[in-house]
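K.L.:
Below you will find the structure I want to go over with you.
Laboratory data are not the source of any read-out in this text; all were calculated from the coordinates shown. This is a predicted model, so every value here is computed, not measured. Every residue, glycine among them, receives a Cβ derived from its backbone with ideal geometry; neighbour counts consider all protein chains shown.
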Amino acid sequence: MPILNFGSLNIDHVYRVDTFVLPGETKHTKSYTVNSGGKGLNQSIAASRAGSQVLHAGIAGRDGGFLVEMLQAAGVDTSLMLTSSEVSGHAIIQVADSGQNCILLYGGTNQMLTEDYVDRTLDAFGNEGFVLLQNETNLVGRIIEKAARKGLKVALNAAPYAENVNTYPINQLDWLIVNEVEGGEIIGGVADESLLQRLAERFPQAGILLTLGSRGAQCFRDGHFASIGSCKVQAVDTTAAGDTFSGYFLSGVLEGLSLAETLRLATVASALCVQRPGAADSIPTRAEVEQVLKEGTLQVPEVREW
């Protein structure tokens, strides 16, 4: 089953620092690089490298040709994309010595989707497949409605969280992907140990993937719960870790893997990702993930199901 990702494309300006800059502080950076990024681009590449057929929809700006080339090199179909004379979205990213990151986003062409383009793209995609969305583009709520009306399955990674997420028809989703902050904001509560249970009670018709960073992930689907810890590795850069997990997870779901198999696959993929610098460049191939699982070179936590 193919994936149509109405996904963001960002030019990542990455600054290595010892610690994040503080209010009023000016500091020298250790290095500066320009990379391909954006949650949409990262997730398309992750799902494609995991083995899924992926079509990316979106708009590349006058400076975004290399972003499209990055998608194509990863096996993503870009034939439904548009180009614009405006500038692409971009991100200012600080990566600290701890491996953690903080990010400022500028929407650019990611915020220029039109309903006419969405309709034409959905018509070209057909009536069978999965539509993937993140909250880095405009018209997210309308795309959910239009895709569901066509009978397509829809997954939303509600990141980054903003108040508009609560206006989206989440009850029409097949999968909701969130971290603790996003999940807590959506239900208007504290992100505690019962968060997944409360999300499942609020949206019982949807599968829910709750990512917990270094503490792993939890999942709900069809009345069943599962959780997994994270592989213990030395993180170099966590920028695309969540996107890698999401892309691999969705690919495992489409393959028909069990929740346990899907969580193990995504966990190893994200563990390999964080040991490498960069965003899209750090996403591993399926062959790399399978080799780790076969050889046992990483200690993969057990999946708990209930």
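K.L.:
So how much slack lies between Q172 and Y106, counting 0.36 nm per residue of separation and subtracting their Cα-Cα distance, in nm?
P.N.:
Extending this stretch completely gives an extra 20.9 nm.
K.L.:
Build a GNM of the chain with springs between Cα atoms under 10 Å: which of E25, E201, E145 gets the top mean-square fluctuation?
P.N.:
Per the Cα network of the chain with a 10 Å cutoff, E25 tops the list.
K.L.:
Which lysines, on any chain, are close to K153 with Cα under 21 Å apart, when same-chain ones fewer than 8 places away are left out?
P.N.:
Excluding near neighbours in sequence, the set is K39.
K.L.:
Right, here's the next one. Counting only other residues whose beta carbon sits under 11 Å from that of R276, what net charge do I get with K and R as +1, D and E as -1?
P.N.:
-3
K.L.:
For q values of 0.07, 0.14 Å⁻¹, compute log₁₀ I(q)/I(0) with the Debye formula on a Cα-only model of the range 6-305, without solvent.
P.N.:
-0.24, -1.05
K.L.:
If you don't mind, another one. Taking only DSSP H segments of four or more residues, each worth -39500 (n - 2.57), what value at 222 nm results for the chain once the sum is divided by all its residues, to the nearest 500 deg cm²/dmol?
P.N.:
It lands at -9500 deg cm²/dmol.
K.L.:
Among all the aspartates and glutamates, which ones have a C-alpha under 13 Å from K146's C-alpha, if same-chain residues fewer than 8 places away are not counted?
P.N.:
Reachable aspartates and glutamates: E115, D116, D119, D123.
K.L.:
With r defined as the distance between the Cβ atoms of V233 and E145 and R0 fixed at 35 Å, what FRET efficiency is calculated, to the nearest 0.05?
P.N.:
0.30
K.L.:
For a bin width of 10 Å, list the pair-distance distribution of the range 217-277 built from all Cα-Cα distances, rounded to whole %.
P.N.:
In order of increasing distance, the bins hold 24, 53, 21, 3 percent.
K.L.:
Further question on the same structure: Of P23, P160, P169, which is the most mobile in a GNM of the chain whose springs link Cα atoms less than 10 angstrom apart?
P.N.:
Per the Cα network of the chain with a 10 Å cutoff, P23 tops the list.
K.L.:
A further question on this structure: If every alpha-carbon in the range 1-121 counts as one equal scatterer, what log10 I(q)/I(0) does Debye give at q = 0.18, 0.19, 0.23 1/Å?
P.N.:
The Debye formula, applied to the Cα set alone, gives -0.91, -0.98, -1.23.
K.L.:
In whole Å, what are the extents of the range 124-176 along the principal axes defined by its C-alpha atoms, from largest to smallest?
P.N.:
30, 19, 16
K.L.:
Normalised by the number of residues in the chain, what is the relative contact order in percent for Cα pairs under 8 Å and 6+ residues apart?
P.N.:
17 percent
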